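Every number in this text was worked out from the coordinates using simple rules, so none of it is lab data. If you're wondering where the values come from, they're calculated on a predicted model, not measured in any experiment. Positions of Cβ are backbone-derived with ideal geometry, glycine not excepted, and every protein chain shown enters the neighbour counts.
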Amino acid sequence: MHEQIRRRSVRLGNLLIETGLTVRALAKATGYSKSTIHKDLTERLPNIDAALSEDVAKILAYHKSIRHLRGGEATRQKWKLEQQKLNELAEKTD
């Protein structure tokens, strides 16, 4: 494994632990793809730093366990905003 990939994997692992971001948010913040980040954290990091990998795995497992709640909340917010727009439009036409 190239040293650059090794350093990136450790840097991403530390960043995930510090911020608690999701893989998607981490990808947006760093400019790497979600696939690259996921591969670095789940496949490469265990071979580089086992202790860091365990901490990262806990955070990723937590995110996986609440993803249905996070998705449901996003949908709820979307429809709430749509309803507000419809109400405002109805008030303007009255």
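Of the numbered criteria (1) surrounded by fewer than 16 Cβ atoms within 10 Å (Cβ to Cβ); (2) touching a helix residue (DSSP H, G or I) at 6+ places or on another chain (Cβ under 6 Å), the one Ala51 fails is (2).
Every residue, every condition in (1) assigned to a helix (DSSP H, G or I); (2) hydrophobic (A, V, I, L, M, F, W, C); (3) within 16 Å of the chain's Cα centre (by Cα), yes or no:
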{"residue": "His38", "(1), (2), (3)": "yes, no, yes"}
{"residue": "Thr42", "(1), (2), (3)": "yes, no, yes"}
{"residue": "Leu60", "(1), (2), (3)": "yes, yes, yes"}
{"residue": "Ile66", "(1), (2), (3)": "yes, yes, yes"}
{"residue": "Leu69", "(1), (2), (3)": "yes, yes, yes"}
{"residue": "Glu73", "(1), (2), (3)": "yes, no, yes"}
{"residue": "Arg76", "(1), (2), (3)": "yes, no, no"}
{"residue": "Leu81", "(1), (2), (3)": "yes, yes, no"}
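Taking the criterion of being of a type outside the set (Asp, Glu), touching a helix residue (DSSP H, G or I) at 6+ places or on another chain (Cβ under 9 Å) and touching a residue at least 40 places away in the same chain (Cβ under 8 Å), would at least one residue in the stretch 27-39 satisfy it? So far as the stretch 27-39 goes, no, none of its residues is of a type outside the set (Asp, Glu), touching a helix residue (DSSP H, G or I) at 6+ places or on another chain (Cβ under 9 Å) and touching a residue at least 40 places away in the same chain (Cβ under 8 Å). Scan the stretch 25-35 residue by residue and report those that are assigned to a helix (DSSP H, G or I) and surrounded by fewer than 18 Cβ atoms within 10 Å (Cβ to Cβ). Across the stretch 25-35, the qualifying residues are Ala25, Lys28, Ala29, Thr30, Lys34, Ser35.
Count of the stretch 1-24 residues, restricted to those that are part of a helix (DSSP H, G or I), touching a helix residue (DSSP H, G or I) at 6+ places or on another chain (Cβ under 8 Å), within 27 Å of His68 (Cβ to Cβ) and without any contact (Cβ under 8 Å) to a residue 40 or more places away in the chain, is 4.
For the stretch 37-48, give me each residue that is buried (at least 18 other Cβ atoms within 10 Å of the Cβ) and more than 22 Å from Arg70 (Cα to Cα). Residues satisfying the conditions are Asp40, Arg44, Leu45.
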